[in-house]
Structure formats: C-alpha cells, structure tokens
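Encoded as structure tokens, the structure appears first; notes follow it.
The values are calculated or read from the model by the stated rules, or taken from the named source; none is laboratory data. The shown structure was predicted, so the numbers you read here are calculated from the model rather than taken from an experiment. For neighbour counting, all protein chains shown are included, and Cβ atoms are generated from backbone atoms with ideal geometry for every residue, glycine included. Just so you know, the surface numbers come from the protein's heavy atoms only, side chains and all, with ligands and any DNA or RNA stripped out. Shrake-Rupley method; radii C 1.70, N 1.55, O 1.52, S 1.80 Å.
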Protein chains: 4
Amino acid sequence: MKDIRIGLIGSGYIGKTHAIAYRTHTSVFGGPANPVCVAVADDGDARAVDAARRLDIGKAYGDWRALVADPEVDVVAIATPNSLHREMALAAIAAGKHVYIEKPLALDAPEAREIAAALKGKNLVHMLGYNYLCNPMIGMLKAMIDAGELGEIVHFRGRHNEDYMADPSVPFGWRCSLVLSGSGTIGDMGSHLISMALHLVGPVAAIAGDIQTVIPTRKDANGASRAVENEDQGHAMVRFKGGAMGVFESSRVAQGKKQGLAFEIVGTKGSIEFDQERMNELRLYEAGAPVGRRGFKTLLVDGSCPDFAPFCPAPGHGLGYNDLKVIEVNRLMKAIAEGAPVPVDVHKACEIEDIIDAWLLSAEERRWIDL
Amino acid sequence: MKDIRIGLIGSGYIGKTHAIAYRTHTSVFGGPANPVCVAVADDGDARAVDAARRLDIGKAYGDWRALVADPEVDVVAIATPNSLHREMALAAIAAGKHVYIEKPLALDAPEAREIAAALKGKNLVHMLGYNYLCNPMIGMLKAMIDAGELGEIVHFRGRHNEDYMADPSVPFGWRCSLVLSGSGTIGDMGSHLISMALHLVGPVAAIAGDIQTVIPTRKDANGASRAVENEDQGHAMVRFKGGAMGVFESSRVAQGKKQGLAFEIVGTKGSIEFDQERMNELRLYEAGAPVGRRGFKTLLVDGSCPDFAPFCPAPGHGLGYNDLKVIEVNRLMKAIAEGAPVPVDVHKACEIEDIIDAWLLSAEERRWIDL
Amino acid sequence: MKDIRIGLIGSGYIGKTHAIAYRTHTSVFGGPANPVCVAVADDGDARAVDAARRLDIGKAYGDWRALVADPEVDVVAIATPNSLHREMALAAIAAGKHVYIEKPLALDAPEAREIAAALKGKNLVHMLGYNYLCNPMIGMLKAMIDAGELGEIVHFRGRHNEDYMADPSVPFGWRCSLVLSGSGTIGDMGSHLISMALHLVGPVAAIAGDIQTVIPTRKDANGASRAVENEDQGHAMVRFKGGAMGVFESSRVAQGKKQGLAFEIVGTKGSIEFDQERMNELRLYEAGAPVGRRGFKTLLVDGSCPDFAPFCPAPGHGLGYNDLKVIEVNRLMKAIAEGAPVPVDVHKACEIEDIIDAWLLSAEERRWIDL
Amino acid sequence: MKDIRIGLIGSGYIGKTHAIAYRTHTSVFGGPANPVCVAVADDGDARAVDAARRLDIGKAYGDWRALVADPEVDVVAIATPNSLHREMALAAIAAGKHVYIEKPLALDAPEAREIAAALKGKNLVHMLGYNYLCNPMIGMLKAMIDAGELGEIVHFRGRHNEDYMADPSVPFGWRCSLVLSGSGTIGDMGSHLISMALHLVGPVAAIAGDIQTVIPTRKDANGASRAVENEDQGHAMVRFKGGAMGVFESSRVAQGKKQGLAFEIVGTKGSIEFDQERMNELRLYEAGAPVGRRGFKTLLVDGSCPDFAPFCPAPGHGLGYNDLKVIEVNRLMKAIAEGAPVPVDVHKACEIEDIIDAWLLSAEERRWIDL
C-alpha cells in the first residue's frame, strides 16, 4: 500500500481534525492508500513548531509557501481562514500538488472560479472538506432517494444554525470581516447546508434570500467597538431544477443550537428528517406502510450504510464528528489511488459559491435571482 | 349563572368539536356563563335532524337563515366551508347576534373587511376559532415572551404542514376550489400559523412568498379529472415589525405530518420549540443557565400554565385537541359575560387575511410585499 | 336513547374528572345511553353543595348513604379515598345499584373479595376506573399483541413513577396512612401499572418485590411530625403465566415524572414502547422490516385505533387525560345498555389486589411469592 | 514523549477498536505518552499475518505466548473470548507486563481473583476495557453526582439490552457456551451496566436476580442443534450500600436495541436519564428550578465535560463509539506515565464479577444474596 504524503496548512480547529483523521484512517479502512501527514505549516515558526508537537507531525513550516514547495508533499491540505484559500490553492496547483481545501472554497464565486480555471489541463485531485456529506447515514439517504423510495421530492427545508456568536460579548474575529471571511454565517454554515441540498435534491434554479446582522457591533481584541461586516442570520426560499421548493436558513446567533445542521425532505412517497446533533439517526416516514402502521421510524446507523462497517460491525454503535473526516480522507485516498470521484470537487464548490453569492445579492436587492 | 344560547351552523368536523365543547365547558370551568347549544343548522332538513340527533342538540334547522332568526339564539357559531362565512356572518350581525366564526374568516381580505365594517357601531362580541392559541402551553409561552425571558425575538420559523391531501387519490373537494375555499393550504392551515406568529411575535411588516400545486389534477366525485385551483404548499419569508426575521410554511401534501403546526422562536436570551403533535410540551433553552447546564428543557403543561388547572390539578396530565375548543368557548363566555378580550377578533382576523393575500400575491409577482 | 342516572360520591381530583366525562360523553359518542350525573355526595352539606355548584350537578348530599338510597340513582360512582370503597360499594350493591369504583378497589385483597362476594347472584354492572386502559392507542396495541404482531412476549418493563411527594415538605396526607390508604405508591400508581400488564401480557404467576419509604417522616396539617406508614417506591420482578419475565416499578418520589406510566414490551417479532406523558404515541419496532429499514416507528393515534374517531376524524389530533374517562364512561354505558364487558370488573380488580398484596409481602419476607 | 509499546491479542470486533484507538490517541491527546501497537497475536500464523496487514501493525504472532514473551512489548492487551482471559493475564503478569483486559475480566469471580492475586506485590498497571465509563458525558455526570447536585441517590434503573441474538437463526457461538463464555448476556452486557452502576451509585449490598434462556436451542456451524447453555435475558433488583434501590436488566434478545445501555438515576434533588444510543446527550431534571420552568433538559456534550475538548472545541460536535476507546487508552497512558488511577482495575473488576455470580446464583436459588 502506497503512502500519500500530506502537507497541512493550518492547525486550528479543523486543522486538528485533519491531523486526527490522517492518523486514524488506515487502521479503520486498511487502504487503498495510507495518508501520512508529513508537514504542517502555521503562521510563523513558533506556532508551526508548536503545532507539529501538538499534532505529532514530523516537519514544521513557519511559511506555508515552503510547505507547498516541499517535494515530499503530494497533497496540500488547506485549513485556514477563507481569505487565504485562493492564494494557497493557486500556489499548490501551480506546484502540481493535489489540493484538499476546507469549505467554503473562497471568499466569493469569482475567486472560486479562478481556482477552477487553474486546474484546467492539470491531472490533479481536488476535494473540498464538506465533511457532513460523508456521514454513512447521509450515504444511505442518498441511495434511498436515488432509488426512488421517497418518490418525487417536492419540499426541502434545511437550516444550519449555531449559537457560537449569540453572546454579544463574543469578540470581533476574522469571521466578522468581509475581507477575511467574505460572507458571515452563510459562507460558514450555510455552505454546509447548500452542499447537502445539492447532494440530495440536486441543482438550484432560483433563490430569494434575506439576511440580517443581529448584533451590529462587537469589541475587538483591543476592546474597540467594531461594526460587524457580514450577516449573523439568513433565510432563503429556493426552487430546485427538479421542481421541488425549498427553504434554507443559516444562523450563528441561534441560541441553543450547537451542531445545528438539520433538514427535512418531503417526497410523494415518504419523508425524512435528519439532525446532525443526532447524526447516527434518520427519521423516515413511508407513506406506503399499512394503515395504522404509518409513522416516522428512527433508523440507527448500521452496516447497511456505506462506510460504517469499517469503524464497527455492531449496529447503532454510532460515529462521531471526527469520524466524518476519516471517511472524507478515505475518499481522498480513493480519488488519488483509484481515480474515484470525490463528494465535492472544485467545480461543485463553485456551484455552492454561486448560490451563496446569489443568496446575498437577492437579499440586498430584495428579489429572486435565477441561477 | 347565565345561560348563553348558541346556534351552530355546520355539523361536520369542526362543528362536532363545537358541540362537544359547549357540553363540556361548565363542568370544567364552572363559569362565568353556561353555553347551551340550542340549535344546529345544516344543509337541508334531513341532515340537520341527523346532526341534532348525533350531537344531542335540541332544535334542527335545514336552513341556516332560520337559525339566525331564532330569538332563542344569542350567538351564531359558523362552522361551514369558507365561502359561506361572509354571508352568514353579515346576516348574524344584522340580526344583532354575537358571532363565533371558524377560521379563516373569509375567502380573502376584502370579504373579511366587509364583515369588520358591518360590526361598526354594534356592541357585539366577535371571535374567530383559532383554537391552537388557546393551548395553556401557548399561554405560558406568551407570558414568557412578554416578560422578556427570551430577550429580543430575532427569528421565527413555523410550519403548519399536514398530509391529508398527499395521496393523489384524495378526491377534488371544496378545499381545492377557488370559489369555495379561496386559497388552498395557506388559508386552511397557514392561517393557523399566521395567527400564532402574530400572537407571539407581533405584526408582520413584509412578506415574500412562493406557492406550488404539487398534485395538479384530482378526480371529483363523478370520477372526472379536475384541475386543482389553489396551492398544495407554500413557503414565505417575512419581516416582523419588531425586527425579527421569519419563515412560514404550509402544506397539505407533507407526508407524515398529521397535526403539523410547529415553530421555533429564537431570542437574544433563549429559544423555544413547539410542536402541536406534542401539544403538552414546550422545549425551552435558557442562554443564562450555567455553563455545562445549558440545554433544551422539555416543560410539561401544569398549573403554572393559564387555563390548565380547571381540567386537572395534576401536572403533565395533558390536554387533547378538543380541550382547546373548550378553552376557546370559555373565552367566548368571558367576552360575553365580562367583556373580556378574545384571542382573535374580526379585526385581528382581517390582519391575518391581509397576510394570506400578500403571501399569494407576492408568490404570483415574485416580489416582496410590504404590509 | 335512555338516560343512565349516576350518583357521584366524591368531588375532588378524580370526582371532577367523572363529572366532566358524564357531561361530555354523549356529544362525543352519541350513545348507546346517556349518562346523567343527577347527584353528588361529599363530606357534609356545605362541601356537597359547593361541589354541586362547581360541577353543575343537580342534587347535593352531605351524607353518601342518602345518595345511595336515592331511587333516581342507577349507578353509584365511588371517587373517594381507598378506605371508604369497601363500605360504599357494599352499600350500593345492597341497594341494587351498579357500581363504578375508582382504583384501587380496596385497601387489600381480602376487602376486595368481600365486594366480589357481595356481587354474587346480583345482576349488576361493576367497573373499576382504570382509565389508562381506555386509551385508543392501548386499544390498538392490545389488538396488535392479540394478533401476534409482536410474536411471543418475552419481556415487560413498566413503571408508574411520579414526583408528587418528592418534596419532603409535602405534608402527611391520607395517602401516607395505612388505615386510610393501605399501601402507598403501589396501590396508588402501581395498580395502574399492574392493570396494564395484565391487560397486555396476561396473568402474573410469581412476584418478588422490594419497597422503601424514602422520606420517613412528614409534617401533618398541625405541623406535627408523623411517620409515613407506607412505601414511597417499590420495585418488583415478575414471571407471567405466559412465560414472559417482567419488571415493575412504582414511585411517588421520582423527581421529574408527572404522569409517569411507561412501559416496554419485547416480543420475538418486535417491540413497543409507550409513555403516558406522550399518550397519543406508540413506538413500534418491527423485526421483520427489511434490513436497513428497521427502527422504532412513532405511531400517532388515528382512526385505526378504537374509540378515537368519535372525538376527531383527523389523525394525530390527540386526546387528553380527561378524554380517557369519557371513553371509560362509554364502556360503562355499553355495559349497562348492551351487556358489553368492561375493561376491569371487580373480579379482575381482585386479581390486581392480589398482586399488590404479594408485592408487599414478598418485600417484607425477601422472597418470591407464587400467585 | 515516551512510546508505550503494546502487544494486542485478538483482532476481531474489539481488537480492531483497540488498534484504531492506539493509532488515534496521540493526535487527539498529545500525550502524556504515545501508545504504539507493535505486535498483534491471533489464532495461527495466517490469521495473525492477516490481522497485522488489516490493522497496519508491525509484527504478527500466531501464538499469543510469543507476543507475551516479546521484550518489545510493555503492555499486553487482551481482546479475546472470555475463557482465555485468565491464562493470558496470568502469563502477562508473570512476564512483568502491564495488562489491559477487555471485559468481563474472567469466566467467574474465582478466576478473577486468581488474576488479582497474581498482581500482588507487582508494580504493574492493570486496566479493564469498560469503555462506556470513558464517555465525557458520564464524566460530567459523575462529577455532578459527587458534587451533590442530584441530592441523595434513591433509585437507579439500568439496562443493557441488545438484539444481536434475537433472531433464532443466529448460530450457536462461543457466547452461548458455559465453558467459553461463562454467563450469557449478563457477563457480556450486564457487566457494562454493573460497571456503570458502581461508578455512579457505588457498591451493591444485595441482589435478587432472575434469568431466562428465551431461545433454548440454536444450530451450530455444522447445522446441528445445540442447547444454549447460558441466559438470553436477566432481571435483578439490587440494594446499594448507600441505600438506593436499583433495577438491572440485560438482554441479547431485545428486539430493536442496538447499543442499548441506558439508565435513569433519581436523587432527592433531581434526576437524570442516559441512553448510549444517544451517547452525546444527558437528560437532567433539576427539582430546584423555578415553578413552571422544571423539565428534563437535554445537555449536549461540550468542553465542560472531561476529555471532550481534545477531540473538538465545538460544543455538541459529538463523539462516537470508537472515541471512547481513545479516551480509555489515554487513561492507560496516564496510569503508566503518571501513576494516575484507571476507571476499572482488576480489583474493581472482581467486584463486578462478584455481582454477576450473585445475580446468577440468586436466580437459580430464587432468593436475595448479600454481597
């Protein structure tokens, strides 16, 4: 089995998730390739060395360009704030490296398309980190929809609401800045929701959005008041190309929601409900069940769901958040070693960015926008 | 204690609920007045006599106009299809009777305002049958919001989705007809949702809606195919005058939902979730709880909720759907006997009709409409 | 349709539930007979008159013996503390009246058998008030079990736990007294659980119990400390005659439980879970469902459940606690008017008392007792 | 940071969980030592080599004695059927190796005490694999109880019920054999429940049990019918030394339960409910909450729970089954590197075995047994 050597840029929240997943991968999946995180880059030598120690990674780079240039690196994994994605991805692609980029792909759709353009003619694997799509339960749901079990899809309602900025004393950070983050909650969490909707229901034809900055100012690190530059919450109505109607929500000020990606899909033959806070469950209503025996059924993840059995053969012995990244890394290994498709590549990510941009524009102009 | 004599027009689904509530009222509440259903009217003598027998009511009228004219009738209760409301209400008001009208008030806002105009200068009680507002748990929630426990309300998401027409073999009935029903699901169930949103969050400033007829044709009673004339499902985004953003949904084709009025309210200090299918519960998140002790708390109805104790002194010994009507009838008794305000009077009902009309118009014209 | 004239002894908690049910019955069920509560008796004239006024009942008796003697009374309903049941029931039977007795039947099995003996040779209807058995969802479950849908029953676990005496400052009341109440929580709530187990799983062959008085002393009305004379909580293991194993629990000090009758039944073909706090739901696991589609399904009450449709034709429009008594009254009407069987008659109630006594004795003697 | 070298015996279900946990550990916890699985032993060379390949482990031993003798092995991890534990543990201890043994410790208490005796005078770390105790939510609950938040504990009800042998066509395997497995479900899953009860409520003073073999015969691998030699389900009542009453259940034929360890604890100041199928949640009832604001609160795991933050700083981003083993391995590292105590050592495991034996004996003799 071949080693695939990864250079990880960023060692914060999601960077650590990457490091864990690379280490865990092969003991779970046994192949088809072995990811080895050979280097980590962070902002300056001191932080990089600390990251390497904390995450048990061999080499540390204080400058990400050095990591990109390292000939021992096959894949550049980008786990940094959004504003850095474009430059890093372009550099990695130029250096002939596969790219594994955390969502959202870029600050906006034009930036995203620059990255897509750079990939043209290159035989490189490119994958986004939309980890929620890798849930075995979502895999089973996708198969269920594709097989027509729910009939024709007529309605989708989804939200990705959390409360990590609900407290007004949470300081102004990079996520509040247009230059560093682009959009607010819609790029951060709405993008997860959009990826899920596209995955399960298909392309979006039109959108009408609404956004709001609920907490207009926050204190920065120096205690100075700063105007928050992007949205705290957003709503949207959509029409899918397949004909279904949809509702999207995203919020970072939704008191009580912690991992609040949840959605409902109604089809002509049945419905489902999913909540990431109970990620090992799927609620399924089968309209064709006998009279008196119809009701939402709570399925627990088991070996009938793709990618579950390698973790544990026992049904209901659920996965955790970090396991989704392990599955995602397995997708990357399969893409590199076997040419398999990935859940979200840069082109699909551009489609997500288009929807984010249209959501924001339609909110500004108070009108529907066709995609 | 005084008897209040009621004449009931209509003996179908909701008519029977009325009859039960009139009978039950005084053994529960003990006052302040005693509703006595003295007469029932239905379409033709045979049906009226049958209704009187089934519901144990003294007099039967095959013509509702005779019931309105009966001097023994103090209150005319209108529990008929929507298209008949206007004429019946106007006749009752002209005859100097109090009116108790099932929702929605009329086919559209102009009709509703005709009824409101007729009431001018008359000292009559007028109340709509928006029974879900009478839930003691909703009463407690309203008090909670008014006391500022949730802080400033920033988000409302509600739906009233059912599946009673999800099966394409459900025949074309009066609810599918523009002339008999006006709107489809939005007037039928969306009106409940709107009444709840107004009650809890306050007036709506603007709306952008979307609607769809999912099952475009149905067979009528003769087996002939008929085009369904109004919407099976509708989505809307709203802005409340108080500043909150909202999302509304209504559907009659939502597989699996049976009494599917549910909503979530997010405030700056907490959130709540409610589902009418578990009408004796309220989920409450208090952001001010200590770290590590924050979570959605499931409150069960008890004596701290208004109107609960008269049914049962024991906490958690929940109410049923029909009990809501008993409470509503008590509101009517208090209005007539004591001049107390009612949950939804004709003027408030006009506001609901305005929102329904704007929802439909905004969907047609694909734009926001200010109210 | 014939009136059945009821004399109600007791106007407290459950007495009021009776009064409401008598009033409501016929508007819901339309027959086969009409219960009319013609008289109420309470302790002394003042309380009786007040009860008659509060509950809207025609005649008031300060002495229950006068009510029993009233020739206008067809049925004597006994809704008083347990220690009075025996004497009242014997008097009513002697007077040739049908009896409708709140659970538990008596202070112990010997008393219960005295009542049973008095009925010998009399053509009287006798019914106990085990209202939870009247839930339409329980009716459906019973049919499901009888039809073999769950296979052979192998396990039952049930509890009826509430917290109404969990606070040590709740005063010493009649329920704490051996003379007035007999057992503590086991007679009060355990009896409900036993009635359910017998109804659904069949007779009990043997029991081993354990009991405890968690709060050993309470203040009485005069502020004097009194030793609590019966159990606050009890556990038991049972073997059913059909072969299943069972676990019973009852508590009046179980913090957080309000209407805490809940149970689980495991069969060889499936399982169910029920919780009275969500009385309109039944969770059903069907082992025969296809792989990947197995899970607990939440059924909502609907017209396929016996006795539901007369309340409301709409599925999921749930019943409340008081509605169970309305159904129970309908059983009484059917028994008197049509000779139909009742859910729990005095003979079945004796079987329940036997189990209560054996539970207590086995706890005292720390051994299994065969029934 | 020091490497701790582990030799793993057994590569089946739980053996793989070990292998994953060793690999994952240091990227999550960063220390205090680094577990390296240097060798795996399985039954015969072919299986051992395959296991080493599948789990990405360096050395393969077809004979576990060779692994125990390997001087590069610091810790012997025993993940084999129960009947082998005693001999392997004794050999490892004799060789001066730390031991990490999957539950249950042995076939019965006498065997367990042999292992305990062998440890006398040896300065070796010994830890059992009771992974459910390592759940951060359980850690928080333990702290909550120790701090007196629930008051005095008065009631515990727990079950570990699964359905992996509910289907009669599941073949006779080692778990059905007295010689290979000892008890049936009680040693397999009941031991988890007992470990939890001891951890949270303290020692058990007395037990009365009941057991049953629901499916008396199964086909073995050759299609021959074999009598199942141990119990499919068991019930027990217990008294804890602290005074609380308890109920235990264990089943391997409970249709619908997949990871069915669940329990409820009632204290004088509050109650909790936990279900391993929703292992990132704890339901908490605080009796001291204000009137009208009392209810079960669903806490989601977050940084206030011990051991959670190293996996993910974001609240509610739940852990999975395999993560519990990673935490357990961290306990082992802390024990070896820092002398920290372990959740369950061999002495505590002997206490668990005593209870298992007493449960079985009390069932056989139909009486209470004092411990």
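Couple of notes before you dig in:
- Sorted shortest first, the distances from the C:L178 label point to those of the same residue in the other copies are 4.5, 8.0, 8.2 nm; each point sits 7 Å from Cα along Cα-to-Cβ.
- Only Lys, Arg, Asp and Glu carry charge here, each on its Cβ (+1 for the first two, -1 for the last two); on that basis region B:2-130 has a dipole of about 320 debye about its Cα centre.
- Within a Gaussian network of chain B (alpha carbon springs, distance under 10 Å), most fluctuating of B:G292, B:G202, B:G182: B:G292
- Over region D:249-371, Cα pairs under 8 Å with separation of 6+ residues give a relative contact order of 11 percent.
- Neighbourhood net charge (13 Å Cβ-Cβ; Lys/Arg +1, Asp/Glu -1) for D:R239: 0
- Region C:2-130, accessible area per residue, ligands and nucleic acids excluded (1.4 Å, Å²): 35 Å²
- Pairwise Lys count, region D:234-371 - Cα closer than 21 Å, eight or more residues apart or different chains: 7
- Choice from D:R175, D:R239, D:R294 with maximal GNM fluctuation in chain D (Cα, 10 Å cutoff): D:R294
- The mean sequence distance of close C-alpha pairs (under 8 Å, at least 6 residues apart), as a share of the length of chain B, puts its relative contact order at 20 percent.
- Semi-axis lengths (Å, descending) of the ellipsoid that matches the C-alpha gyration tensor of region D:78-158: 31, 14, 13
- Considering all C-alpha pairs of the protein assembly as shown, those separated by over 59 Å amount to 22%.
- The share of C-alpha pairs in region A:233-359 whose separation exceeds 17 Å stands at 73 percent.
- In nanometres and ascending order, the distances from the B:A147 label point to those of the other copies are 2.6, 4.8, 5.1 (point 7 Å from Cα along Cα→Cβ).
- Residues of region A:63-94 falling in the label zone of A:A221, defined by backbone nitrogen less than 15 Å from a point 7 Å along Cα to beta-carbon, are A:81.
- GNM result for chain D, Cα springs below 10 Å: residue of D:E328, D:E281, D:E72 fluctuating most strongly: D:E72
- Alpha-carbon Debye profile of chain A, log10 I(q)/I(0) at 0.10 Å⁻¹: -0.64
- The residues neighbouring C:S27, those whose beta-carbon lies less than 10 Å from its own, together hold a net charge of +3 under the Lys/Arg +1, Asp/Glu -1 convention.
- Where the alpha-carbon atoms of region C:284-371 are placed on the principal axes, they occupy 50, 48, 22 Å, in descending order.
- Chain D's nearest residue to the axis relating it to A, judged by Cβ and reported with the distance in whole Å, is D:G320, 2.
- Cα gyration tensor category, rounded, prolate or oblate, for region B:123-279 with a/c compared to 1.5: prolate
- q = 0.16, 0.23, 0.25, 0.26 Å⁻¹, region D:261-319: log10 I(q)/I(0) [Debye, one scatterer per Cα]: -0.58, -0.94, -1.00, -1.03
- Pairwise burial C:D, computed as accessible area of each alone minus the pair, summed, 1.4 Å, Å²: 3500 Å²
- Averaging Cα coordinates gives a centre for region C:215-247 and one for region D:31-91; these two points are 52 Å apart.
- Remark on region C:256-277: accessible area falls by at least 50 square angstrom from chain-alone to full-complex state for C:K257, C:K258, probe 1.4 angstrom.
- Using the Cβ of B:D302 as centre and a radius below 13 Å, the other residues enclosed give a net charge of -1, where K and R count +1 and D and E count -1.
- For region B:2-130, the convex hull spanned by the alpha carbon atoms encloses 98 Å³ per residue.
- Label spacing, shortest first and in nm, from B:K122 to its equivalents in the remaining copies (7 angstrom along Cα→Cβ): 5.7, 7.7, 9.5
- Surface composition of the protein assembly as shown: carbon and sulfur atoms hold 52% of the protein heavy-atom accessible area at a 1.4 Å probe.
- The distance between label points at C:R53 and D:D146 comes to 6.1 nm (points 7 Å beyond Cα on the Cα→Cβ vector).
- Using alpha carbons only, the radius of gyration of region C:14-75 set against its Kirkwood radius gives Rg/Rh = 1.00.
- C:L8 - accessible surface, heavy atoms, 1.4 Å probe, Å² rounded to 10: 0 Å²
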